[in-house]
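Engineer: Sharing a structure with you now.
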């Protein structure tokens with residue numbers, strides 16, 4: 001058994017997720033990507049503590065993220081949306097300076113896997129991940145296809161491992 005397998009086996013079985021959809025146009029009723037993140041987390045045996053929508057506003061994103069991180073139950077925060085190149089797409093710019101540590105491989109792997117689905121457009125993804133305190137934070141594009149890929153192939157397989165490694169540093 002590899003060290004990574006040992007770490008996964010020792011990690012928490014149930015993580016507590018919080019989901020933030022960043023959008024000026026989505027509502028609770030039509031937030032397909034945010035709902036899908038929640039569904040996939042629950043289907044994998046985790047709990048979703050919170051799912052909300054915030055506008056593409058720097059202060060609102062930062063304030064909401066910091067409030068969620070103040071809840072000690074939260075293990076993983078997944079933000080989706082606001083990662084494009086439009087002037088209002090500021091999620092990546094807001095979250096990156098707050099990260100204590102960046103998980104460089106997340107963005108690299110996400111773009112590599114996305115390339116198989118969308119071709120060269122994958123290079124336009126500004127998906128990032130990292131750690132704030134002892135919480136894993138993931139920033140994803142808002143498309144349902146991107147969310148599905150990230151959750152199934154990257155986040156759900158490794159989030160507990162990441163959270164357990166960060167907890168060891170405390």
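Engineer: Pairs of Cα atoms under 8 Å, at least six residues apart: use those to get the relative contact order of the chain, whole percent. It would help to have the intermediate numbers written out before the result.
Structural biologist: Values: 296 pairs, mean separation 45.8, N = 170.
Computed value for the chain: 27 percent relative contact order.
Engineer: Further, regarding this structure: Of the peptides 131-142, 157-168, how do they stack up when ordered by the mean number of other Cβ atoms within 10 Å, highest first?
Structural biologist: 131-142, 157-168
Engineer: When the helices in the chain are scored as -39500 (n - 2.57) per DSSP H run of 4 or longer and the sum is shared across all residues, what 222 nm value do you end up with, to the nearest 500 deg cm²/dmol? Kindly include the intermediate steps, with their values, before the conclusion.
Structural biologist: Values: 7 runs with 73 residues, N = 170.
Dividing the helical sum by the residues of the chain leaves -13000 deg cm²/dmol.
Engineer: Report, please, the projected area of segment 31-118 averaged over directions, based on the convex hull of its C-alpha atoms, in nm². The partial results should precede the final answer.
Structural biologist: Working: hull surface 27.3 nm².
Answer in nm², one decimal: 6.8.
Engineer: Sticking with this structure for a sec: Between segment 122-170 and segment 30-77, what's the alpha-carbon centroid distance in Å?
Structural biologist: Using only Cα atoms, the two centres lie 12 Å from each other.
Engineer: Let me ask something else. Return the Cα extents of segment 93-169 along principal axes one, two and three, sorted largest first, each rounded to a whole Å.
Structural biologist: That works out to 38, 26, 18 Å along the principal axes.
Engineer: Sort 31-43, 110-122 by the packing proxy (mean of other Cβ within 10 Å over each peptide's residues), most packed first.
Structural biologist: Working: 31-43: 19.0, 110-122: 14.4.
Highest mean packing first, the order is 31-43, 110-122.
Engineer: Next question, about the same structure. Of the beta bridges DSSP finds with both residues in the chain, what % are antiparallel, to the nearest 5?
Structural biologist: Details: 7 of 24 bridges.
Here the antiparallel bridges make up roughly 30 percent for the chain.
Engineer: Between residue 57 and residue 101, how many nm apart are label points set 7 Å from Cα along the C-beta direction?
Structural biologist: 3.4
Engineer: Would you calculate the separation in nanometres between label points at residue 25 and residue 85, each defined as 7 Å from the Cα along the Cα-to-beta-carbon direction?
Structural biologist: 1.8
Engineer: Report the per residue volume, in Å³, of the convex hull enclosing the C-alpha atoms of the chain.
Structural biologist: On the way: hull volume 18.9 nm³, N = 170.
Cα convex hull per residue, to the nearest whole number: 111 Å³.
None of the figures in this text is laboratory data; all of them are computed from the coordinates on show. Not measured: the values here are computed from a predicted model. In this analysis, Cβ positions are derived from the backbone assuming ideal geometry, glycine residues included, and neighbour counts consider all displayed protein chains.
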